[in-house]
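Chemist: Below is one structure. I have some questions about it.
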Amino acid sequence: MAMQQTAPKGRGIEGFAWAALAVSIFSGWFVVTRLAVVHSLEVWDITALRFGIGAVLLLPALFPRGRPLPARAWKEGLVFSLLWGVPFVLLVAAGLQLTSAAQAASIAPTAMPLFAGVLGAIFLGERHGLRRWAGYGAIVAGQVALILIGTAIHGLPDPGGILALLGAAALWAVYTLRFRGSLITPIQSAALICFWSALLFLPVYLAAGLSSLGTATTGEIVVQGLYQGVLMSAVAVITFNRAVGLLGPAAATGIIALVPVVASTLAIPVLGELPAPAEALAILAIVAGVLLVARPVRRPARS
């Protein structure tokens, strides 16, 4: 008969550790990217730095033991790059330009587990249980409250920015579900995303003269290069993929709900963006809802 069992305790602890590291990097990314797009650099520069540097850094992962990855992996990597590559970065950057670091960090990371849960239930037959569905309901309620509170305090938010962030969350969710079913390792996925993104974007970036790097200071370029090209393109993707592999898509994406708290806290000293008390409560409500889905689902086992 079928019995229920949880993932091994060691795997769960390791998965939460990988997820915590990913959360730390993602949180800083919203603040660092917002800092760039409101100063000297453009969205195109952020994208070029992220994938150009990442492609060079991770190139050896595409040739394990001196041989290229199989053709199937390259094709899967192309799909991954269209989900969590250039389109994702451009959508988030657009959302950051039209909103704020706190709003962007509250919408995209918390909508992502909602999309992942719904799409997983529809297309993969995943069963979440009442606790997770209650969490998804809390996410929606918290996000609606956040938008309404922000409207009352700061005026009507730019609908284009909200849609861009929701679009980015949807792409991120689809990537998460696809990665769980692939045979590509976390580092290979990161390398393929950077390779295909650089191959598709950099020629357009250079040919169209989109670069604004000449107007930025050396320090700004170094900071953005390290954060975008090393931490986000390599470390964050690898750590998040490891968390997905160990915890499952729903639980791993649920942990990402901690991003709003960390990003909003960082935005206070870095950007001077202090959320109103009501906004802070809405953010905490979103996090509380998503934490309901963070525990890995009990998996059936045959006895």
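Chemist: Residues of the range 129-163 being among the basic types (Lys, Arg) and either surrounded by 20 or more Cβ atoms within 10 Å (Cβ to Cβ) or within 22 Å of residue 94 (Cα to Cα) (or both), which ones? Explain how you work it out, then say what you get.
Modeler: Initially, the range 129-163 is screened for residues among the basic types (Lys, Arg), giving 131-132.
Across the range 129-163, the qualifying residue is only 132.
Chemist: Got a sec? Which of 91, 96 is in contact with a Gly (Cβ under 7 Å, 6 or more places away or on another chain), in a helix (DSSP H, G or I) and either open to solvent by 50 Å² or more (accessible area, probe 1.4 Å) or within 22 Å of residue 166 (Cβ to Cβ) (or both)? Can you show your working first?
Modeler: Working: 96 fails: in contact with a Gly (Cβ under 7 Å, 6 or more places away or on another chain).
Unique residue meeting the criteria: 91.
Chemist: If only one of 150, 135, 142, 125 is modelled with pLDDT under 90, out of contact with any helix residue (DSSP H, G or I) (no Cβ under 6 Å at 6 or more places or on another chain) and in a helix (DSSP H, G or I), which one is it? Spell out the reasoning first.
Modeler: Numbers: 135 fails: out of contact with any helix residue (DSSP H, G or I) (no Cβ under 6 Å at 6 or more places or on another chain); 142 fails: out of contact with any helix residue (DSSP H, G or I) (no Cβ under 6 Å at 6 or more places or on another chain); 125 fails: in a helix (DSSP H, G or I).
When all the criteria are applied, what remains is 150.
Chemist: Sticking with this one: Would you tally the residues in the range 262-292 being closer than 23 Å to residue 12 by Cβ and at pLDDT 75 or above?
Modeler: Matching residues across the range 262-292 total 6.
Chemist: State whether one or more residues within the range 227-238 are polar (S, T, N, Q), open to solvent by 20 Å² or more (accessible area, probe 1.4 Å) and modelled with pLDDT under 95.
Modeler: Going through the range 227-238, the residues polar (S, T, N, Q) turn out to be 228, 233.
Filter once more, so that each one left must be open to solvent by 20 Å² or more (accessible area, probe 1.4 Å): none.
So far as the range 227-238 goes, no, none of its residues is polar (S, T, N, Q), open to solvent by 20 Å² or more (accessible area, probe 1.4 Å) and modelled with pLDDT under 95.
Chemist: Continuing with the same structure: Select, from 177, 166, 200, the only residue that is without any contact (Cβ under 8 Å) to a residue 60 or more places away in the chain, assigned to a helix (DSSP H, G or I) and either open to solvent by less than 10 Å² (accessible area, probe 1.4 Å) or more than 23 Å from residue 65 (Cβ to Cβ) (or both).
Modeler: Values: 177 fails: without any contact (Cβ under 8 Å) to a residue 60 or more places away in the chain; 200 fails: without any contact (Cβ under 8 Å) to a residue 60 or more places away in the chain.
Of the residues listed, the single one that is without any contact (Cβ under 8 Å) to a residue 60 or more places away in the chain, assigned to a helix (DSSP H, G or I) and either open to solvent by less than 10 Å² (accessible area, probe 1.4 Å) or more than 23 Å from residue 65 (Cβ to Cβ) (or both) is 166.
Chemist: Give the residue, chosen from 81, 24, 40, that is in contact (Cβ under 8 Å) with a residue 12 or more places away in the chain, polar (S, T, N, Q) and open to solvent by less than 20 Å² (accessible area, probe 1.4 Å). Explain how you work it out, then say what you get.
Modeler: Numbers: 24 fails: open to solvent by less than 20 Å² (accessible area, probe 1.4 Å); 40 fails: open to solvent by less than 20 Å² (accessible area, probe 1.4 Å).
Unique residue meeting the criteria: 81.
Chemist: Sticking with this structure for a sec: One residue is enough: does the range 293-303 have a residue meeting the conditions part of a helix (DSSP H, G or I) and open to solvent by 10 Å² or more (accessible area, probe 1.4 Å)?
Modeler: Filtering the range 293-303 down to residues part of a helix (DSSP H, G or I) leaves none.
No, that holds for no residue.
Chemist: Hey, among 278, 251, which residue is in a helix (DSSP H, G or I) and either under 19 Å from residue 178 (Cβ atoms) or open to solvent by less than 10 Å² (accessible area, probe 1.4 Å) (or both)?
Modeler: Exactly one residue qualifies, and that residue is 251.
Chemist: Return the residues of the range 62-77 that are assigned to a helix (DSSP H, G or I), open to solvent by 20 Å² or more (accessible area, probe 1.4 Å) and hydrophobic (A, V, I, L, M, F, W, C); say none if nothing qualifies. Walk me through how you get there before you give the answer.
Modeler: Within the range 62-77, the subset assigned to a helix (DSSP H, G or I) is 62, 64-66, 71-77.
Narrowing the set further to residues that are open to solvent by 20 Å² or more (accessible area, probe 1.4 Å) leaves 64-66, 71-72, 74-76.
Answer for the range 62-77, where residues must be assigned to a helix (DSSP H, G or I), open to solvent by 20 Å² or more (accessible area, probe 1.4 Å) and hydrophobic (A, V, I, L, M, F, W, C): 71, 74.
The values are calculated or read from the model by the stated rules, or taken from the named source; none is laboratory data. As the structure is a prediction and not an experimental result, all values here were calculated from the model. Reconstructed Cβ throughout: ideal geometry from the backbone, glycine too, with neighbour counts over all protein chains shown. For the accessible areas, the whole protein counts, side chains as well, though only heavy atoms, and no ligand, DNA or RNA atoms are used. Shrake-Rupley method; radii C 1.70, N 1.55, O 1.52, S 1.80 Å.
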